[in-house]
Every structure is written in C-alpha cells, then in structure tokens.
Amino acid sequence: DAGVTQSPTHLIKTRGQQVTLRCSPISGHKSVSWYQQVLGQGPQFIFQYYEKEERGRGNFPDRFSARQFPNYSSELNVNALLLGDSALYLCASSTTGQGVNYGYTFGSGTRLTVV
Amino acid sequence: AQRVTQPEKLLSVFKGAPVELKCNYSYSGSPELFWYVQYSRQRLQLLLRHISRESIKGFTADLNKGETSFHLKKPFAQEEDSAMYYCALSSTGNQFYFGTGTSLTVIP
C-alpha cells in the first residue's frame with residue numbers, strides 16, 4: 001500500500017512566480033493537511049481539508065491557497081513567491097477530520113527553493 | 001495560544017546512557033501530546049502519544065500537567081536512536097503545533 005505521495009520532490013522558482021504542489025493521500029484517507037517546515041524549525045500548519053472542504057487554516061497570508069479533489073488528492077498553491085517561502089512543504093493524510101489520533105501519516109515533502 | 005518549546009537543539013549521549021529530550025508546552029485546556037521522529041532520509045513518523053501510555057522502541061513520555069511538560073525518556077540509548085525528534089501538541093484534533101526539534105546523536 002502506497003503511503004502519502006507528494007510531487008514534485010524538488011522545485012526551484014523565481015520570486016514573484018506561482019507554484020503548485022500536489023499530494024495524494026493514503027487510500028481510504030479523506031483528510032489532507034499541509035505544513036510548511038522552514039530550515040531549523042518544526043513544521044507549521046497551513047491548511048486542513050476534509051471531504052473537499054477547508055476545515056482549518058493556519059496563520060499564513062492569502063497568497064497561500066489549497067483545494068481537495070473528489071479523489072481526496074490535494075493541491076497547495078502559493079502566489080507571488082517570496083524568498084521566505086523557501087521551505088519543505090509536507091502533506092499529511094488521515095482517515096477523519098479529527099485525524100491526529102487516526103493514522104495521521106506524513107509524506108516525504110516537496111523542497112521549494114525561491115531564488 | 002498553543003506553544004511547544006524544545007529547549008535543546010542538539011543533544012549527544014553515549015551508547016547505553018540514559019537520554020531525556022525535553023518538551024514544554026503552553027495551553028490552557030487539555031491538550032494531546034505527541035512525539036514524532038525523523039530518521040535520516042526518512043519521513044516524519046509518529047513515535048508515541050500520551051493518550052496511549054505506550055512504550056515504543058524503549059521510549060516513554062509522561063504528561064506532567066503541573067509542569068506542562070512531556071519529556072521523552074529512554075534508559076539506555078542505542079545508536080539507531082540518532083534522529084531528529086519533534087514534540088507536538090494538538091488542541092482541536094485536526095492540526096499539530098510542533099516544537100523546533102531536538103537532534104539526538106548517540107555516540108558509539
């Protein structure tokens with residue numbers, strides 16, 4: 001059984017550009033969450049989606065947006081990239097919207113570098 | 001506001017020695033506390049959670065509400081324990097607040 005898969009694994013973008021990151025949850029998982037991990041810091045919560053609806057949002061600017069598709073996969077979009085957006089972006093899936101105790105599983109992440 | 005503090009960025013111990021990774025939190029309610037581990041070139045994975053009161057790979061952690069702490073302990077460190085450890089708190093059940101992590105090195 002495949003785990004949480006994220007694509008691409010690495011990405012280099014220029015300031016001001018837009019980027020889309022993708023996440024496929026574990027089969028049967030209906031919730032996807034996104035985290036940003038800046039070098040030297042712990043992961044910071046960005047969004048949670050459950051059953052295609054936004055269920056939680058962290059303290060990030062409106063440049064960050066996300067959506068979840070009928071097959072429960074998800075995309076994270078970041079517009080007008082800043083150098084400070086350089087980070088590892090993690091996706092996690094779980095079976096329920098209150099999923100921290102129900103198989104909360106992280107992907108390997110997408111490393112975004114903004115130059 | 002929820003906050004998780006891991007005061008040690010780096011921790012080195014000798015193989016066979018006891019190890020304690022500190023975690024303090026601030027939250028006015030009844031949080032759920034977790035420890036996550038990331039081994040070299042592997043993804044972040046759950047080590048243990050306080051509600052389960054379990055011991056995983058010889059590690060235990062006790063929630064001390066009076067001291068608002070959730071320290072991770074192991075009586076005899078092994079080389080394979082070398083990894084990055086993150087303490088995490090959940091208040092709503094749908095997101096984690098992570099600490100900054102402690103990098104543990106077990107010296108042979």
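Since every read-out is calculated from the coordinates, none of them should be taken as a lab result. Fair warning: this is a prediction, and the values are worked out from it, not measured in the lab. In this analysis, Cβ positions are derived from the backbone assuming ideal geometry, glycine residues included, and neighbour counts consider all displayed protein chains.
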Here the relative contact order (percent) of segment A:25-115, from C-alpha pairs under 8 Å and at least 6 apart, is 31
Based on the Cβ-Cβ distance of B:E8 and B:D62, what FRET efficiency does E = 1/(1 + (r/R0)^6) give at R0 = 22 Å, to the nearest 0.05?
-> 0.75
Normalised by the number of residues in chain B, what is the relative contact order in percent for Cα pairs under 8 Å and 6+ residues apart?
-> 39
Simple spin-label estimate for B:H50 and B:A17 in nanometres, 7 Å along Cα-Cβ = 2.8
Candidates A:I12, A:I46, A:I26; GNM for chain A (alpha-carbon contacts under 10 Å) flags as most fluctuating A:I12
For chain B, what is the per residue volume of the convex hull drawn over the alpha-carbon atoms, in cubic angstrom?
-> 95
